[in-house]
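Scroll down for the structure; my scribbles are underneath it.
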Ligand code: PMP
């Protein structure tokens, strides 16, 4: 078996990619003019490209490689499963051992109100499932008029029609007349960017009460659910002020509305707890999951269903007309099980809470001293640096939002570290297995990248 990368030189691979590959979330024409970077191998936190460069994967792929890359244990589990039962569905009154074992394992590691999982293949499908399950629940409960789902501006819940609609990415909405009917959005708890003259604590309360206002405006009898990420990931690692979640929880406790915590990024140890809602002490009724469920080894998502929701969508009886060919795919379930076993055996959740989390946070926050950085924030192993033209003034942003972020991201790549740019902030979310030495390297490269970006901005007369 020969990998493509061994047969073709980089230039040829690039040309073939440009000719035939339409990239997701990419201006593919612009990319083709520049050429893709070709990743050929990965081990632990390190990627290798087709020119032999080693790059530190500061994003764990796309926020998913909790246990790091290249774990043979997971590959072996998948191989074993594929030779035994490569595929069978779960529609025909049938099931199979790996999906049973995984559903049981998820009930074990999740908060006590969760005992059932509906499986799918991605975070987007998980949120499509949420959309339909929430409405099915209220139908089953005899309240079919409860239809509205409230999300947040700049939230991200995936790229399918329901995912895009529940999310609050305006540019995505503009392509194709979204959101679909029945979805509303409220402001996000993004103090650095939108807090105005309020303190973080005041702003957290204000943002939470926007939910109260929205529910009361539409009427509790019309609102089905509120969906939110514990920490917004794709929106720019928005870590809410401490006052935010307790106030949201109070508002929801007083009202009969389902609470959906999108755990696609925050789940599986990212915040030093199994799920992000546990970090914030909030009690969701549904939790969409994906990414860290398999550490990205195979595609799999799901929705954890609380006993409260199960009482409507399962215990009352009646078919839920929803499901996917690959719901509970045996090989993906085997990958998830092997992955979760590693997370438990290597105590990665505890490691993020007590060891590598605090270690990296302290060093990351110190980057806040850099003249280009307006704020350096991190919880668990997910962090952001806000790049600003004038230190100390968070109300002044660079012109043409995204230009400086993209420049910094490209410099970081060249320096050997993958950080993601969101607007003009730099994001990291490294594998949970990153060592202390690798964390030091990550911070050193991030620091050099900030210095190089600063110098480049000076050269261009932009600061
Ligand atoms: N929800 C959240 C919070 C996400 O971050 C993402 C992906 N970044 C999704 C849903 C969608 O997941 P997928 O890309 O697997 O469809």
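Some observations on this one:
- Residues being part of a helix (DSSP H, G or I) and out of contact with any strand residue (DSSP E or B) (no Cβ under 7 Å at 6 or more places or on another chain) - total across the stretch 92-130: 11
- Entirely in the stretch 1-91, the helices (runs of 4 or more DSSP H) that have 3 or more residues that are away from the ligand (no atom under 16 Å from the Cβ): 4-7, 10-20, 28-34, 72-84
Quick grid of which residues meet (1) farther than 30 Å from residue 27 by Cα; (2) in a loop (DSSP other than H, G, I, E, B):
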{"position": "172", "(1), (2)": "no, no"}
{"position": "180", "(1), (2)": "no, yes"}
{"position": "184", "(1), (2)": "no, no"}
{"position": "196", "(1), (2)": "yes, yes"}
{"position": "203", "(1), (2)": "yes, no"}
{"position": "217", "(1), (2)": "yes, no"}
{"position": "226", "(1), (2)": "yes, no"}
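- Residues that are within 12 Å of the ligand (Cβ to nearest atom) and touching a strand residue (DSSP E or B) at 6+ places or on another chain (Cβ under 9 Å) within the stretch 132-167 comprise 151, 152, 154, 155, 156, 157, 158, 162, 166, 167, listed in sequence order.
A quick yes/no check of all residues on (1) within 20 Å of the chain's Cα centre (by Cα); (2) more than 27 Å from residue 196 (Cα to Cα):
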| residue | (1), (2) |
| --- | --- |
| 386 | yes, no |
| 398 | no, no |
| 403 | no, no |
| 422 | yes, no |
| 446 | no, yes |
| 450 | no, no |
| 455 | no, yes |
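- Residue match in the stretch 325-344 (condition: farther than 18 Å from residue 293 by Cβ and in the same structural domain as residue 294 (by TED's automatic domain parsing)): yes
- Among the residues of the stretch 108-121, not a single one is more than 16 Å from the ligand (Cβ to nearest atom) and over 27 Å from the mean Cα position of the chain (by Cα).
- Counted as qualifying within the stretch 351-429 are the strands (runs of 3 or more DSSP E) with 1 or more residues that are without any contact (Cβ under 8 Å) to a residue 60 or more places away in the chain and closer than 13 Å to residue 445 by Cβ, namely 425-428.
- Selection within the stretch 52-100 - free of Cβ contacts under 8 Å to residues at least 24 places away in the same chain and under 25 Å from residue 352 (Cα atoms): 72
- Taken together, 341, 319, 278 contain a single residue that is under 24 Å from residue 212 (Cα atoms) and either away from the ligand (no atom under 16 Å from the Cβ) or not in a strand (DSSP E or B) (or both), which is 278.
The values are calculated or read from the model by the stated rules, or taken from the named source; none is laboratory data. As the structure is a prediction and not an experimental result, all values here were calculated from the model. We place every Cβ from the backbone using ideal geometry, glycine too, and count neighbours over all the protein chains shown.
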